[in-house]
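Scroll down for the structure; my scribbles are underneath it.
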Amino acid sequence: MLFPKLLYVSLFILFGSAIPYLPLFYDEQLRLSSDQIGVLLAIAPFVQSLACPIWTVVVDRHPNWHGPLMSMLAIIGGLSIMSLMLLPPWFESGSDCIGDDCNVNDIAMSPLLKVLVTSSLALLFAFFGQPTQALVDSAVLKILGDQKILYGNQRLWGSISNGITILLVGLWIGVSGINTAFYIFAIGVVCFAILALFTRFPATPGREDDLEAEDGPLADGGETRSLIKGSRHGSNPYPHNQHPTYMSGLTNALSTSTSLSEYVDPMPRRDSVASYANTEYIDEYENDRRLGLFRTATSVMDVQAEAGQRIANMDHLPPLGLALSNIPTVDTTLAALADITRPATKGPQKSTLMTTRVWTFLLTMLLLGISYSMIAQFLFLFLRNDLGIESSLIGWTGPIGGIAEVSTFWVSNKLLEEFTVSSLIGFAHIALIIRNLVYSWLTPGTTTSVILALGLHLVNGSAYALAWSTSVSEVDTFFPPDQRAVAQGILAALFNGLGFGSGCILGGAVYEQWGAKALTQTSAAVALLSLIVFLAGRPRS
């Protein structure tokens, strides 16, 4: 399928251009301090944890808004980022004063005004632009229909696009300056917004009556209308009045579709983990199907369960796309928190959350998120300002990190089979600690430092992917299937939301007051604390 791939490619031209280089822009063009930059960078993870569920609720309840809404959000978010380009000349002209025209109080307020305006634009992008990643995941799952198992194949193109875009933008910044990133960003926004407007979804089982009456409301008072213009289905693909489940629909697709041949190895369903997980959702699914609704959280869990089942029955590495289907993205798991708004949703039980093994694990991921973001969010500033690496070389972190991350996701299931969760989480922590300590020993301006700094990004990508894939798998063992979607959402909110946001603020303050060496060492100390908490909560053998 070409269209989902194009959606991901255009989306990550948008996210791989200006967004990674914003810390350099804040430092170089706006001349903000590191602690101010940290506050600005913290806005996105904090707000995203709320915005993703909100917009997911909207598109799940109103599927016909999905494409136009993605387009609108991208445009609003895009305009907020593009507006940043106007700030440097505006503030420079506003701070010019000659003789009696000079207003000392206005000039004194200029830095505060600069931060407030920049924060407002960052907030706009965080609320409107950042959630488009989760909405694209949801849209692709709808487009794939009964072939959701191919989700990972589509998502892979986003990773490729992101790595290539970061590299090319870095090269162009080295030639033409930081504003080049914004021009490429604008191209990404336009391409994505146009593609989003043309997003259409296939008819879902049980929607035939809706298709026949697409110009009127649903019989039960639902608001959703068909998204397929001029499409009609004369026969029910599920005869004998049997209602389809997610898994039975997928089984039917697998038995007839040659496009899925690389994954096909027919197996009994009745006693499978995936089938059991699906039965927990069937009543809610039947109700949503009757209303013509699509629940992102349930669909994501279905894909994850199906992919996990197929991988478990393989005695070799799975296809890369299948491996990616088994690991939900952080954005998608945040979107799963939208299910909290549904009365029928079963959230994690308080008694389970308060067990030592669970709360220490969640606290571990919060601390790991803080440690990771302290370096990840300030990495480009550290590489340029403290190690003297040019932007044209900094861009190589995109493909290097992307390759490490995707490769680790690919082998993550085999690693879980061969090693314990304690070993894998412990290894991820130790790798990040060693990376931070090596960063603190590098000297600026040397070829060796450049090679080591870029090479260490392999460790960065692998440790992140290992920690995330292992933590998702571990959280699934804490809760029954009907609570896992929300539990994963809580995990993502702690790791990527509260953790990343807090890490940005803490990292910016440390970086500003004590410099790069203190930043890397503090990050290593937080990672060590995270590891201690994790090991303290593990059951004794």
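The values are calculated or read from the model by the stated rules, or taken from the named source; none is laboratory data. The shown structure was predicted, so the numbers you read here are calculated from the model rather than taken from an experiment. When we count neighbours, we look across all protein chains shown, and the Cβ atoms used for this are built from the backbone with ideal geometry, even at glycine. What goes into the accessible areas is simple: the full protein's heavy atoms, side chains included, and nothing from ligands, DNA or RNA. Shrake-Rupley method; radii C 1.70, N 1.55, O 1.52, S 1.80 Å.
Determine the sum of side-chain charges near Gly174: Lys and Arg each +1, Asp and Glu each -1, restricted to other residues whose C-beta is under 12 angstrom from that of Gly174.
Its environment carries a net charge of 0.
With every protein chain left in place and a probe of 1.4 Å, what is the accessible surface of Met1, to the nearest 10 Å²?
So the heavy atoms of Met1 present about 100 Å² to solvent.
Provide the FRET efficiency to the nearest 0.05 for the Val190-Leu320 pair, computing r from the beta carbons and using R0 = 25 Å.
Step by step, r from the Cβ atoms, then E = 0.25.
With θ set to phi - 60°, apply the Karplus curve 6.51 cos²θ - 1.76 cosθ + 1.60 along segment 143-156 and write out the HN-Hα couplings as whole Hz, x wherever there is a Gly or Pro.
4, 5, x, 6, 9, 4, 4, 7, 4, x, 4, 6, 5, 4
Considering only protein heavy atoms, with the full assembly of protein chains and a 1.4 angstrom probe, order Lys114, Lys350 by accessible area, largest first.
Lys350, Lys114
Roughly how much of Ser159 is accessible, in Å² to the nearest 10, using a 1.4 Å probe?
Taking all protein chains as shown, Ser159 has close to 50 Å².
Taking the alpha-carbon centroid of each part, what is the distance from segment 373-392 to segment 448-463 in angstrom?
Taking the Cα centre of each part, segment 373-392 and segment 448-463 sit 12 Å apart.
What residues qualify as long-range amide H neighbours of Gly16, i.e. H under 5 Å apart, gap of 5 or more or another chain, H built at 1.01 Å from N?
none
Give the calculated FRET efficiency between Glu418 and Ile54 to the nearest 0.05, with a Förster radius of 51 Å applied to their Cβ-Cβ distance.
Efficiency, rounded to the nearest 0.05: 0.80.
When ligands, DNA and RNA are left out and all protein chains stay put, how many square angstrom of accessible area per residue does segment 379-423 have with a 1.4 Å probe?
Ligands and nucleic acids excluded, the figure is 42 Å² per residue.
Run the quick spin-label model on Thr447 and Arg200: label points 7 Å from Cα toward the beta carbon, then report their separation in nm to one decimal.
About 5.7 nm separates the two model spin labels.
Accessible area of Trp157, 1.4 Å probe, to the nearest 10 Å²?
Only protein atoms counted, so the area is about 110 Å².
Could you work out how much longer the chain between Ile76 and Leu113 gets when fully extended? Use 0.36 nm per residue separation minus the Cα distance between them, nm to one decimal.
Here the segment from Ile76 to Leu113 would lengthen by 11.1 nm.
Need one number: nm distance between label points at Trp65 and Asn313, each 7 Å from Cα along Cα→Cβ, rounded to one decimal.
So the two model labels end up 4.0 nm from each other.
Can you give me the Cα centroid spacing of segment 148-208 and segment 484-541 in angstrom?
29 Å
Taking 0.36 nm per residue of sequence separation and subtracting the Cα-Cα distance, how much length would be gained by fully extending the chain between Thr352 and Leu535, in nm to one decimal? It would help to have the intermediate numbers written out before the result.
Numbers: separation 183, 0.36 × 183 = 65.88 nm, distance 1.86 nm.
Fully extending the segment from Thr352 to Leu535 adds 64.0 nm.
Return the Rg/Rh ratio of segment 410-541 with Cα-based radii and a Kirkwood Rh.
Rounded to two decimals, Rg/Rh equals 1.01.
Volume per residue, Å³, of the convex hull around the alpha-carbon atoms of segment 453-519?
Hull volume normalised by residue count: 88 Å³.
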